[in-house]
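We did not get these values from a lab; they are worked out from the coordinates using the rules stated. In this text the structure is predicted, and so the values were computed from the model without any measurement. Quick reminder, even Gly has a Cβ in these numbers, built from the backbone with ideal geometry, and neighbours come from all protein chains shown.
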């Protein structure tokens with residue numbers, strides 16, 4: 001049994017959860033079972049259960065001491081963290097149980113003690129990124145394999161998708177709504193399952209608002225341009241041939257947005273408190289951006305990460 005321990009909430013966002021679910025599905029295809037340990041957040045628990053997984057609600061405070069009992073109770077033989085900044089106390093307790101630890105984009109004190117730190121969203125030098133082995137860059141980004149069914153090059157801008165994360169913690173959707181007037185295309189605004197706020201102001205004759213679509217990958221296939229945050233979503237979009245305008249929801253997403261722009265599949269409009277409105281003009285080289293996205297973002301990251309995990313799990 002593999003454990004996936006993550007934090008997902010309105011304050012933290014839900015990107016960790018979506019990545020962890022794709023990883024769990026990959027683990028399951030290789031014949032192992034997965035058990036989740038997560039903080040209390042009803043939308044996240046519902047998503048985990050809807051995908052056929054079980055979960056325990058746990059206190060992620062590093063002062064706790066729940067990990068050894070959880071490992072023994074569920075027969076855990078490999079531990080995955082997707083929490084951004086794990087503590088050394090947490091990793092020490094897991095490793096004392098004889099269980100290897102894999103962590104994702106981790107800049108906490110526990111990263112240095114982990115067997116592998118997989119940082120698909122790290123570009124360039126990052127001294128805060130530690131681990132016994134560190135794997136960084138776009139080759140290690142975990143994407144939904146279903147993207148392969150929807151890959152196509154875009155050539156005309158008829159439909160725009162707005163999707164600012166599962167929770168949109170900082171209300172960035174409201175900030176970019178006035179900028180959508182630059183587009184003559186149809187507009188669909190997708191609000192994630194953890195979205196909190198009054199969405200009535202977003203609805204207009206030009207914009208359709210929907211909540212928690214069954215599959216964001218399928219929804220992306222219907223559009224020609226996406227406006228996204230700086231997490232995994234723009235990589236998913238680019239891999240499918242969907243160009244993006246990226247707005248960083250968090251400061252640590254700024255270098256991600258810059259890297260995406262350098263690869264050619266995205267425009268980076270900056271941090272959400274300092275949005276560059278010029279990036280929202282309608283003069284977008286759609287075909288070139290669509291092609292560049294598919295050329296630079298592949299779909300092999302999940303298998304690479306699974307190979308790393310399998311190299312640690314033992315016989």
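Numbers below:
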item: Spin-label pair residue 88/residue 222, simplified geometry with 7 Å Cα→Cβ offset, distance in nm; result: 5.1
item: Highest-first arrangement of 263-269, 53-59, where packing means the average Cβ count within 10 Å; result: 263-269, 53-59
item: Computed E for residue 72/residue 128 - FRET, C-beta separation, R0 25 angstrom, nearest 0.05; result: 0.15
item: Fully extended contour minus Cα-Cα distance, from residue 63 to residue 277, at 0.36 nm per residue; result: 72.6 nm
item: Global form of the stretch 136-192, assessed from the alpha-carbon gyration tensor, a/c cut-off 1.5; result: oblate
item: Contact order relative to length of the chain, as percent, for alpha carbon pairs under 8 angstrom and 6 or more apart; result: 16
item: The chain: most fluctuating residue of 283, 238, 22 per GNM, C-alpha cutoff 10 Å; result: 283
item: For the chain, built as a Gaussian network whose Cα springs stay under 10 Å, the top-fluctuating residue of 204, 282, 159; result: 204
item: Kirkwood hydrodynamic radius (C-alpha pairs) into Stokes-Einstein, the stretch 103-218, 4 °C and 1.567 mPa s, D in µm²/s; result: 76
item: Cα→Cβ-extended label distance, 7 Å offset, between residue 30 and residue 155, nm; result: 4.0
item: Structure-based [θ]222 nm, the chain - -39500 (n - 2.57) summed over DSSP H runs of at least 4, per residue, nearest 500; result: -8500 deg cm²/dmol
item: Prolate/oblate/rounded label for the stretch 145-296 (Cα gyration tensor, a/c 1.5); result: rounded
item: Listed peptides 77-90, 170-183, 207-220 by packing density, highest first (mean Cβ within 10 Å); result: 77-90, 170-183, 207-220
item: FRET efficiency estimate (nearest 0.05) - Cβ-Cβ, residue 211 to residue 310, R0 35 angstrom; result: 0.40
item: Where Rh is the Kirkwood radius over Cα pairs, Rg/Rh for the chain; result: 0.97
